[in-house]
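Enquirer: Quick one: this structure, given as structure tokens, is what I'll be asking you about.
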Amino acid sequence: MNSTNFGGGVAELLFTQVALMNDLGLPTDWRLIQGHEDFFTVTKAVHNALQGATVPWTEHMQEVYLDQCRENAAEFPDDYDFVIVHDPQPAAILAILEDAGRRRGKWAWRCHIDLSNSFAPVWDFYAGYVARYEGAVFTMKDFVQPGLDGPEVFLIPPSIDPISAKNAYVDAETIYECLSRYGVDRTRPIMTQVSRFDPWKDPVGVIEAYRLVKREIPDVQLVMIASMASDDPEGWHYLELTESSRENDPDIFLLTNLQGVGHLEVNAFQRASTVIVQKSIREGFGLVVAEGMWKERPVVAGNVGGIRLQIEDGENGYLVDSVEECAERVLTLLGDSTERASVGRAARERVRERFLTPRELEDYLRMLAAL
């Protein structure tokens, strides 16, 4: 159960996992909660707070959240043996069902957020609801909140589906057609970041790094791709902010699903990129990092959260802590094709070993067995 079926990493994970669980003989449904704009405005504030932002956290916001959870709980069937609840949006539904005497089966809360520096008032609100679960799943140990009492803790990093439209092999002709459609010059260097327009992805910082690179390599291009998700009303604000920062630079391309950019196009742009950037300042995992690595692209990414699980700095990618460091690493890679190839090969091997769907699916089966 989660809040959207498109536009984010959770939706991509479930698209593959639900189908494979059914193929394995575990009849599995994917349920979406319903929410109005005020609810998703509150849950976006919650997301930001759990990743470290200080936000207003009022009784009214809590009631908006709980009222919507009650509406969803009223529609929830009570005949499942296991329920895996993803992220904060549906987290309180279990407690509401339990208090109404309708709780059945084993429940696990799967958190995809970097909780290492959470805003205490918001986490304290959620901790009581998470404590009701039998299992709590985090991407890495650093995200497990101290004092979390009740659920058994499982560490399960996300994964990518290597045969999905986003990650499967794409031929050169298709790549060329995709780039031509959006006016990107395949013969010039391309920096690409694929992520929501979100403060934690630092889109303005990416543009600043690009401008530093462009001083040395004038023909470099920057492609920024995002899906505008229904549960992320803040995304429109950051798209406008990024567009303003672009300052009509013809070599900066801001592309979204509203312009027909889907999984195939993302795949093509990642494969065509000279360097992939993911300049996050907080990151639960960052599926786009693994996607770029799988395609043998060198990735320059923020030295934060779940990105550190994927990239060994200097071996299969680069971790950076500032705009200047990001630009420096990109410049080095743009000037050294041998280094790009070497890092890219090591990157693909890292993903093959640790971050493909079968491994995550096995982790989930072990969790269900343990519960």
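The values are calculated or read from the model by the stated rules, or taken from the named source; none is laboratory data. Since we're looking at a predicted model, the values are computed, not measured. Cβ coordinates were reconstructed from backbone atoms using ideal geometry, including for glycine residues, and neighbour counts include every protein chain displayed.
Enquirer: Picking from Ala347, Ala327, which residue would you name as being buried (at least 17 other Cβ atoms within 10 Å of the Cβ), under 19 Å from Ile190 (Cβ atoms) and either touching a Leu at 6+ places or on another chain (Cβ under 6 Å) or without any contact (Cβ under 8 Å) to a residue 24 or more places away in the chain (or both)?
Expert: From the options Ala347, Ala327, the qualifying one is Ala327.
Enquirer: Still on this structure, I have one more. Which of the following residues is buried (at least 23 other Cβ atoms within 10 Å of the Cβ), in the same structural domain as Phe197 (by TED's automatic domain parsing) and touching a Leu at 6+ places or on another chain (Cβ under 7 Å): Val275, Val288?
Expert: Of Val275, Val288, the one residue that is buried (at least 23 other Cβ atoms within 10 Å of the Cβ), in the same structural domain as Phe197 (by TED's automatic domain parsing) and touching a Leu at 6+ places or on another chain (Cβ under 7 Å) is Val275.
Enquirer: Quick one: which helices (runs of 4 or more DSSP H) sit completely within segment 300-371 and have at least 3 residues that are under 20 Å from Tyr210 (Cβ atoms)?
Expert: Passing ranges, in order: 323-334, 337-354.
Enquirer: Considering only segment 27-85, state which residues are of a type in the set (Asp, Glu) and within 25 Å of the chain's Cα centre (by Cα).
Expert: Asp29, Glu37, Asp38
Enquirer: OK, next. Among (1) buried (at least 20 other Cβ atoms within 10 Å of the Cβ); (2) more than 26 Å from Gly52 (Cβ to Cβ), where does Gly314 come up short?
Expert: Answer for Gly314: the failing condition is (1).
Enquirer: Something else about it: Counting just the residues of segment 299-311 that are more than 15 Å from Asp114 (Cβ to Cβ) and in contact with a helix residue (DSSP H, G or I) (Cβ under 6 Å, 6 or more places away or on another chain), which one comes out surrounded by the most Cβ atoms within 10 Å (Cβ to Cβ)?
Expert: Val299
Enquirer: While we're looking at this one, here's another question. Exactly one of these conditions fails for Ala136: (1) small (Gly, Ala, Ser); (2) within 15 Å of Leu371 (Cβ to Cβ); (3) part of a helix (DSSP H, G or I). Give me its number.
Expert: (3)
Enquirer: If you don't mind, there's one more thing I want to ask. Please verify whether segment 173-193 includes one or more residues that are in the same structural domain as Asp249 (by TED's automatic domain parsing), buried (at least 19 other Cβ atoms within 10 Å of the Cβ) and of a type in the set (D, E, K, R).
Expert: no
Enquirer: Name the single residue that is surrounded by the most Cβ atoms within 10 Å (Cβ to Cβ) among those in segment 330-344 being touching a strand residue (DSSP E or B) at 6+ places or on another chain (Cβ under 8 Å) and either among the hydroxyl-bearing types (Ser, Thr, Tyr) or closer than 11 Å to Glu296 by Cβ (or both).
Expert: Val343
Enquirer: Within segment 69-94, work out how many residues are small (Gly, Ala, Ser) and closer than 24 Å to Ile156 by Cα.
Expert: Count: 2.
Enquirer: For segment 76-111, enumerate the residues that are under 30 Å from Gly52 (Cα atoms), in a loop (DSSP other than H, G, I, E, B) and touching a helix residue (DSSP H, G or I) at 6+ places or on another chain (Cβ under 6 Å).
Expert: Pro88, Gln89, Ala91, Ala92
Enquirer: Against the condition touching a residue at least 40 places away in the same chain (Cβ under 8 Å) and under 16 Å from the mean Cα position of the chain (by Cα), how does Ile276 come out, does it pass?
Expert: Taking the combined requirement at face value, the residue satisfies it.
Enquirer: When you go through Ser180, Ser195, Ser273 one by one, which is the residue that is hydroxyl-bearing (Ser, Thr, Tyr) and within 29 Å of Ala45 (Cα to Cα)?
Expert: Unique residue meeting the criteria: Ser195.
A quick yes/no check of all residues on (1) more than 23 Å from Gly284 (Cβ to Cβ); (2) hydrophobic (A, V, I, L, M, F, W, C); (3) surrounded by fewer than 17 Cβ atoms within 10 Å (Cβ to Cβ):
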{"residue": "Val83", "(1), (2), (3)": "no, yes, no"}
{"residue": "Gln89", "(1), (2), (3)": "no, no, no"}
{"residue": "Asp99", "(1), (2), (3)": "yes, no, yes"}
{"residue": "Arg102", "(1), (2), (3)": "yes, no, yes"}
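Enquirer: Report whether or not Gly8 is closer than 30 Å to Ser280 by Cα and of a type in the set (Gly, Ala, Ser).
Expert: Judged against the criteria, Gly8 is a match.
Enquirer: Give segment 169-182 a look and list any residue that's under 26 Å from Pro218 (Cβ atoms) and not in a helix (DSSP H, G or I), or say none.
Expert: Passing the criteria: only Tyr182.
Enquirer: Assuming Gly147 fulfils every condition listed in (1) over 19 Å from the mean Cα position of the chain (by Cα); (2) outside the structural domain of Glu362 (by TED's automatic domain parsing); (3) not aliphatic (A, V, I, L, M) apart from one, which condition is it?
Expert: Result: Gly147 passes all but (2).
Enquirer: Of the residues that sit in segment 8-52 and are charged (D, E, K, R) and assigned to a helix (DSSP H, G or I), which one is surrounded by the most Cβ atoms within 10 Å (Cβ to Cβ)?
Expert: The selected residue is Glu12.
Enquirer: Whether any residue in segment 233-240 is crowded, with 22+ Cβ neighbours inside 10 Å, touching a strand residue (DSSP E or B) at 6+ places or on another chain (Cβ under 8 Å), not acidic (Asp, Glu) and not assigned by TED's automatic domain parsing to the domain that holds Gln89 is what I want to check.
Expert: There is no residue in segment 233-240 that is crowded, with 22+ Cβ neighbours inside 10 Å, touching a strand residue (DSSP E or B) at 6+ places or on another chain (Cβ under 8 Å), not acidic (Asp, Glu) and not assigned by TED's automatic domain parsing to the domain that holds Gln89.
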